[in-house]
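Everything on this sheet refers to the single structure shown next.
The values are calculated or read from the model by the stated rules, or taken from the named source; none is laboratory data. These numbers come from a predicted model, not from an experiment. Cβ sites come from the backbone with ideal geometry, for glycine too, and all protein chains shown count toward neighbours.
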Amino acid sequence: MGTPEFSLPPLKALLDAGHEVVGVFTQPDRPKGRGGKVQMSPVKELALKHGIPVFQPFKIRKDGLDDLRSLTPDLCVTAAFGQILSQDVLDVPALGTVNVHASLLPRHRGSAPVNWAILQGDKVTGVTTMLTDKGIDTGDMLLRAETPITEEDTAGTLLARLSAMGAKLLIETIDHLQRGDCPREKQDESQMTYDPKLEKEMGLLNFAEPTHKCLCHVRAMNPWPCAYAPLREGVLKVWKASPLTGLPVAEPGTVLFADQKNGLVIATGDGAMELREIQTPNAKRMDSRAFLLGHTIAAGKPLCEVEL
């Protein structure tokens, strides 16, 4: 059971390890992009290539339960499926349901653990395999693997790394389950954190915050929903940024420099940051210094008053 790119390595790992995947459950096809073209989920595409039956219930606990029962699976595996499983669903597989979760539980429960780990400045994260219960990421932990979060990591790069780690950990977990020697540990509720769903509006940058927090925000929102700052008309998307020190103190959000030599530099709550890769309304993302070759932005004014 899975839907986005994160789910692909676990499914591939199951197939490569020789496990019989009797069915794949994924979210219904939905329109994407400006054209609104209906697209299959990445998991559906992979399943169809391998001739695996695909089921796309709107709510598996209601319109997918009979299909799941008909498959009589020994084990269910979930990886970013995007639906909550009812007890009726959890009761179907004989050995239970293993979830591949992209955090070191019990920290960062919820649907966007990678984004929140970066947003909150964590230095380390990882993957946990767990036995799913009726709660949201509350089941007993099985195996864990850690990885550092670098200053260059975006949510996209980190998610890809964790997906590969999760695939390897999943196979190790199943091997342990087959041997009957899989570790099992209850989560410490006193260490639990639960993070809200990521929303598009959360991309808004607050330059009054410290530079480090602003930079974490940019990395955490890349690739979606992408960090952004208001302009006089529309918004400026910020894909990459870096810290700067030793500059004059100014009101947060003020454009300190806007030229090819210095780049596009904005004052923050405790310093400044260079917006290195940007995207203006109705344009492609590009290097900010290249953008400034053909566009003029006045220094000394708030970014929100800039007109492009």
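Within the bounds of segment 248-264, is there any residue that is exposed (fewer than 14 other Cβ atoms within 10 Å of the Cβ), within 22 Å of the chain's Cα centre (by Cα) and not polar (S, T, N, Q)? The answer is no, given that none of the residues of segment 248-264 is exposed (fewer than 14 other Cβ atoms within 10 Å of the Cβ), within 22 Å of the chain's Cα centre (by Cα) and not polar (S, T, N, Q).
Scanning segment 181-212 for residues that are under 30 Å from residue 18 (Cβ atoms) and either among the acidic types (Asp, Glu) or modelled with pLDDT under 95 (or both) gives 181, 185.
Listed by position, the strands (runs of 3 or more DSSP E) contained in segment 255-308 that have at least 2 residues being of a type in the set (Gly, Ala, Ser) are 263-267. Counting the residues of segment 95-125 that are touching a helix residue (DSSP H, G or I) at 6+ places or on another chain (Cβ under 9 Å) and either of a type in the set (Lys, Arg) or at positive phi (or both) gives 5. Given the condition β-branched (Val, Ile, Thr) and out of contact with any His (no Cβ under 8 Å at 6 or more places or on another chain), answer yes or no: does some residue in segment 173-181 qualify? Yes - at least one qualifying residue is present in segment 173-181.
A count restricted to segment 196-228 and to residues that are crowded, with 17+ Cβ neighbours inside 10 Å, out of contact with any Cys (no Cβ under 8 Å at 6 or more places or on another chain), hydrophobic (A, V, I, L, M, F, W, C) and not in a helix (DSSP H, G or I) stands at 3.
Tell me yes or no: at least one residue of segment 139-157 is in contact with a Leu (Cβ under 8 Å, 6 or more places away or on another chain), in the same structural domain as residue 71 (by TED's automatic domain parsing) and in a helix (DSSP H, G or I). No, the conditions are met nowhere in segment 139-157.
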